[in-house]
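Chemist: Mind having a look at this structure? Questions to follow.
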Amino acid sequence: MANSPEEIKKSVRTYLFVGGVLFLGTIITYLVATVPALDVGKHGFDKWDCVLGLIIASIKASLVAAIFMHLNHEKKAVYWLFGSGLCAVISLAGLTALALGDPIFDTFFYSGR
Amino acid sequence: MEIPYIVTPRKDTGLFNSKIAIWLFLASEVMLFGGFFSAYVFLRIGADYPWPERTLPVLPGLINTFVLIGSSMTVVFAWASLKLHQWRRFQLFMGITVACAVIFMILKGIEYNVKFQHQAVRLKDYSVVEGHLGYEKVGEEYEKDHNGHKIEENRILVEATRVTFNTVRFHKSWVEELISQAEHRKSKIVLAEDLSAIIDEGQPPKTLAKAGDALSLELLERLQKAHLDARAHNGALRTAALRGEWKKANAANPGKRGWEIASGVNIDVEALAPKLLTEIGTVAFTVEPAARFDFQPRDVREAETQSRLRDDTLVDGKLLASPMVFHYVDAIDFQHLAMKAVEKGQDPMVAIEDSWLIKNHPFAKEAWEWNKGEVAKLEKKLIEKYGMDGKTGKPNREPTLKERYRIGWKDFVAKADGVGREKETIALKEEFMGPDYKGREAKHTFPHLSLPREQVGFASKFSPAWNTYYAIYFTITGLHGLHVIGGALVLAYYLFFGRKMYESNPEWLANRVEIGGLFWHFVDLVWIFVFPILYLM
């Protein structure tokens, strides 16, 4: 944790840099989604565009969490608290992914064949 | 009492208390929003209609992203200024942060407002029309309803002769509405025939109301009370009688189980009849002379001779032509129709040519023919640019479903101006508010369309009711907006009421601002995902 004036002055420069990266990331996301020449994948818009967009968003989100929210140098307790929440989300979202194999999505299940 | 660990960290965790608290809270927030995001994924995967990809205006979303990232930076600068004991700079940065929150909410408000005024309708054959409804006109003047409001051309019109209320379920404000509508049309709603009922046990019937009595809430409430009293009285009598019968039956059949003798236990209906009161389940009124009533489509299930309101009020009378009239159509969308055709094994192009819109609406046909030409041009261009796949013999890139089957307002504009899609330049205002009908000389650009009621499958504004996309959009952005408001209130409190604490205990205030800032960063972090997922995908 930056507490002395020198350290804070130094970290302000980091914040400015990270802010710049975030602005840049937003512009890239926007361009990738709207400019046809930058499309990836077969169609104008498909799953690869989604994947690319989400990767950029994840990078931006990690930057906010690590630098602005000081998660790059926090106490252990914070990692445990936040990490457990994150794990819960990932595992629950994983459960919903498992449910995609549920016969409720299978029309033949109900047709009796 | 002194609160411990507000400035100094606890030895075991190394943190001051509020930091533990905010991280606990943020962990729960992560789970909340994570739940909504996985709901989004599920709704999108399981959607049985073409998911509306990139339908939201991107520019307001983009600006809002910049605004939130900017405010995330200023809030961290504000905290740094407090740590360096620069009160003025803190005020400046915190002020910018709060201003950013206000800008964000204003843009969000504009975005929501545009949605709530935008009408969509799905026809019975699954073609979708989007645009703006008009108002009924009599000659040159707009027709006004009894409240003096213009009547939107999406009303069910009934030439009512008779109205029958359910005495238990009638909805008060609708009754008042009917009375004032009748008044407005210089007509009267009066009781159809004398109403007499037994209201005291064993007494002869009493006249409760006479034929010709005007409809009033007071009258209906009086009848409701009489009805409910009678029902309670009769119910109590029947229960008592049945209890007596069971007692007798049990005495007559010792040792037998209830279900063995149940078929023999019956109330003596005839003996009970003279004691019963009259239940008045429904009460009929006539409309003299017959008058035109208009109803919101969602409130009424209409039919040729008798329509039923949602409160079980029956309205007898001829159903008048109640078309839904778009003064401006700004999208004709055949994606859903094409999807249904493919599901049935039909050729989507044939199904579209057969649709009601193409057959009955010259402009739709013209626009569709134009769109087919544009798609062909696009296909050619894609082949030129990306080539063919050697193995399958198919082009490497094909137009998307949306490009093939949806004619949006930008296409209408391009068609009218004779300019290709790519070259069209759009006024900044339109990026926020949608098509500018007046500026575009709407009559030449956006068709006027009257839809007969029997063609309407489902109609709604662009509200959560329209489809699950708008449902999850309003849920996630609404919840996020509430977080913005909440966070801004807390930060504004530090800004406007923090001076005293700054003078007495600046470290404490710095810690508070850090905690508020953590929440603010989280709000930004959620938006970083919301923007691409809802606006760009």
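Chemist: When you look at residue B:22, is it over 31 Å from the mean Cα position of the chain (by Cα), surrounded by fewer than 16 Cβ atoms within 10 Å (Cβ to Cβ) and touching a residue at least 12 places away in the same chain (Cβ under 8 Å), yes or no?
Modeler: No: the conditions fail for residue B:22.
Chemist: When residues of the stretch B:503-537 are filtered for being more than 14 Å from chain A (Cβ to nearest Cβ) and either within 24 Å of residue B:23 (Cα to Cα) or buried (at least 18 other Cβ atoms within 10 Å of the Cβ) (or both), how many remain? Don't jump to the end; show me each part of the working.
Modeler: From the stretch B:503-537, those more than 14 Å from chain A (Cβ to nearest Cβ) are B:503-505, B:508-509, B:512; that's our starting set.
Checking the rest, the ones that are also either within 24 Å of residue B:23 (Cα to Cα) or buried (at least 18 other Cβ atoms within 10 Å of the Cβ) (or both) come to B:505, B:508-509, B:512.
Residues meeting the conditions: 4.
Chemist: Among the residues in the stretch B:103-119, are any of a type outside the set (Gly, Ala, Ser), surrounded by fewer than 16 Cβ atoms within 10 Å (Cβ to Cβ), closer than 28 Å to residue B:313 by Cβ and touching an Asp or Glu at 6+ places or on another chain (Cβ under 8 Å)?
Modeler: no
Chemist: Right, another one. Mind listing whichever residues of the stretch B:44-61 are within 11 Å of chain A (Cβ to nearest Cβ) and not in a loop (DSSP other than H, G, I, E, B)?
Modeler: Answer for the stretch B:44-61, where residues must be within 11 Å of chain A (Cβ to nearest Cβ) and not in a loop (DSSP other than H, G, I, E, B): B:44, B:45, B:58, B:59, B:61.
Chemist: Is it true that some residue in the stretch B:326-336 is more than 33 Å from the chain's Cα centre (by Cα), within 22 Å of residue B:128 (Cα to Cα) and not in a loop (DSSP other than H, G, I, E, B)?
Modeler: So the first thing to find is which residues in the stretch B:326-336 are more than 33 Å from the chain's Cα centre (by Cα), and the list is none.
No - not one qualifying residue is present in the stretch B:326-336.
Chemist: Name the single residue that is surrounded by the most Cβ atoms within 10 Å (Cβ to Cβ) among those in the stretch B:368-406 being part of a loop (DSSP other than H, G, I, E, B) and at the interface with another protein chain (Cβ under 9 Å from one of its Cβ atoms).
Modeler: B:397
Chemist: Right, something else. Kindly list the number of the only condition in (1) touching a Leu at 6+ places or on another chain (Cβ under 6 Å); (2) not in a loop (DSSP other than H, G, I, E, B) that fails for residue B:260.
Modeler: Of everything listed in (1) touching a Leu at 6+ places or on another chain (Cβ under 6 Å); (2) not in a loop (DSSP other than H, G, I, E, B), residue B:260 misses just condition (1).
Chemist: A further question on this structure: Quick check on this structure: which one of B:147, B:154 is in a loop (DSSP other than H, G, I, E, B) and touching a strand residue (DSSP E or B) at 6+ places or on another chain (Cβ under 6 Å)?
Modeler: Step by step, each of B:147, B:154 is checked, and only B:154 is in a loop (DSSP other than H, G, I, E, B) and touching a strand residue (DSSP E or B) at 6+ places or on another chain (Cβ under 6 Å).
Chemist: Can you name the number of the only condition in (1) more than 25 Å from residue B:45 (Cβ to Cβ); (2) modelled with pLDDT of 85 or more that residue A:54 fails?
Modeler: Failing condition for residue A:54: (1).
Chemist: A follow-up question, please. Which of the residues belonging to the stretch B:163-174 are touching a Phe, Trp or Tyr at 6+ places or on another chain (Cβ under 8 Å) and either modelled with pLDDT under 95 or not β-branched (Val, Ile, Thr) (or both)? Show your work before the answer.
Modeler: The first filter runs over the stretch B:163-174 and keeps only residues touching a Phe, Trp or Tyr at 6+ places or on another chain (Cβ under 8 Å), leaving B:163-165.
The one that is touching a Phe, Trp or Tyr at 6+ places or on another chain (Cβ under 8 Å) and either modelled with pLDDT under 95 or not β-branched (Val, Ile, Thr) (or both): B:165.
Chemist: Does the stretch B:71-83 contain at least one residue that is surrounded by fewer than 19 Cβ atoms within 10 Å (Cβ to Cβ) and not assigned by TED's automatic domain parsing to the domain that holds residue B:457?
Modeler: Within the stretch B:71-83, none of the residues are surrounded by fewer than 19 Cβ atoms within 10 Å (Cβ to Cβ) and not assigned by TED's automatic domain parsing to the domain that holds residue B:457.
Chemist: Right, next: For the stretch A:29-87, enumerate the residues that are facing chain B (nearest Cβ under 7 Å), small (Gly, Ala, Ser) and touching a Phe, Trp or Tyr at 6+ places or on another chain (Cβ under 6 Å).
Modeler: A:57
The values are calculated or read from the model by the stated rules, or taken from the named source; none is laboratory data. Only a predicted model underlies this, so the values are computations on that prediction, with no experimental measurement involved. With ideal geometry, Cβ positions are generated from the backbone for all residues, glycine too; neighbour counts draw on all protein chains shown.
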